[in-house]
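Here is the structure we will look at, set down as structure tokens.
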Amino acid sequence: MKEIMNFLPELLRINLVASFVILIVLAARLILKRAPKVFSYALWAIVLIRLLIPVSIPSPVSVIPNTPAASGAVINSALPEIEFETLRDREQNYYESQNTSPEDVQVYVSRTMEPIVYLSLAWLFGIAGMLLYSGISYLKIRKKVQIAVPLRDNIWIADDIKSPFVIGFLKPKIYLPNNLSEQEQEYIILHEQHHIRRFDHVIKTLAFLALTIHWFNPLVWIAFVLACKDMEMSCDEAVI
């Protein structure tokens with residue numbers, strides 16, 4: 001827990017710089033609105049690197065402002081301490097109140113928690129929630145493709161899915177719904193194969209990892225959604 005508390009200020013610093021990069025990419029994305037989506041998609045790689053690699057390369061010329069390293073002391077001074085009473089404290093306080101004469105000063109027993117502690121706990125609970133959601137979703141998808149029928153190579157047909165997708169990290173497989181026409185099927189196969197050639201399934205996994213770590217930042221959620229959108233649109237453009 002102590003290591004996490006020490007890392008949290010550095011995480012906030014990384015998040016601040018990444019937020020600035022996201023705003024730059026959003027502005028560039030508007031400028032490139034009529035350009036092929038592959039350019040917008042490529043820009044999100046900068047954001048992903050900033051979120052996952054906490055290493056800054058010093059440069060005499062930079063549009064990213066220098067941010068001083070945060071510290072636990074800064075966080076603790078900015079937020080009040082949380083005071084709480086445990087069950088044992090409550091029993092002791094009740095005993096003292098019943099056995100202390102009015103003229104004596106009663107000593108109230110309680111405990112305090114530094115802000116860095118409960119911020120660290122909140123961050124960990126958020127990560128746990130994201131991982132739990134991801135794990136449940138993965139198990140549901142796995143259950144749906146248990147009775148999939150092979151079409152050819154790494155392409156499978158499944159009855160209980162509504163849209164095509166790719167599963168697998170090292171050996172990805174393409175799963176298609178069974179209600180596609182032959183023309184739709186061939187187009188979607190080309191689309192999914194392009195995703196695999198471009199390692200989009202790996203990039204999307206890394207993007208979700210970054211989202212899991214930085215779940216508390218709304219800009220990271222916006223970046224994840226728009227990056228996925230640009231990924232799909234650039235893939236459509238390549239196939240067409």
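Scanning the stretch 124-168 for residues that are in contact with a Lys or Arg (Cβ under 9 Å, 6 or more places away or on another chain) and open to solvent by less than 90 Å² (accessible area, probe 1.4 Å) returns Val145, Ala148, Asn154, Ile155, Trp156, Ala158, Ile161, Val166, Ile167.
The single condition among (1) part of a helix (DSSP H, G or I); (2) within 13 Å of the chain's Cα centre (by Cα); (3) aromatic (Phe, Trp, Tyr) that Tyr187 does not satisfy is (2). Screening the stretch 172-229 for residues that are more than 18 Å from Leu43 (Cα to Cα) and of a type in the set (Asp, Glu) and picking the one that is least open to solvent (accessible area, probe 1.4 Å) gives Glu192. When you scan the stretch 208-230, how many residues do you find that are part of a helix (DSSP H, G or I) and over 16 Å from Leu26 (Cβ atoms)? So the count comes out to 6.
Can you tell me which residue in the stretch 28-44 is farthest from Thr205 (Cα to Cα), limited to those that are open to solvent by less than 50 Å² (accessible area, probe 1.4 Å) and under 22 Å from the mean Cα position of the chain (by Cα)? Filtering first and then ranking leaves Arg29. Filter the stretch 21-46 down to the residues that are within 17 Å of Asp236 (Cβ to Cβ) and of a type outside the set (Lys, Arg) and list them by number. Those that are within 17 Å of Asp236 (Cβ to Cβ) and of a type outside the set (Lys, Arg): Leu32, Ala35, Pro36, Val38, Phe39, Ser40, Tyr41, Ala42, Trp44.
The values are calculated or read from the model by the stated rules, or taken from the named source; none is laboratory data. Quick caveat, the model's predicted, so the values are computed rather than measured. Because the Cβ atoms are built from the backbone with ideal geometry, glycine has one as well, and the counts that use them run over all protein chains shown. Quick note on the areas: whole protein, heavy atoms, side chains included, nothing else; ligands and nucleic acids left out. Shrake-Rupley method; radii C 1.70, N 1.55, O 1.52, S 1.80 Å.
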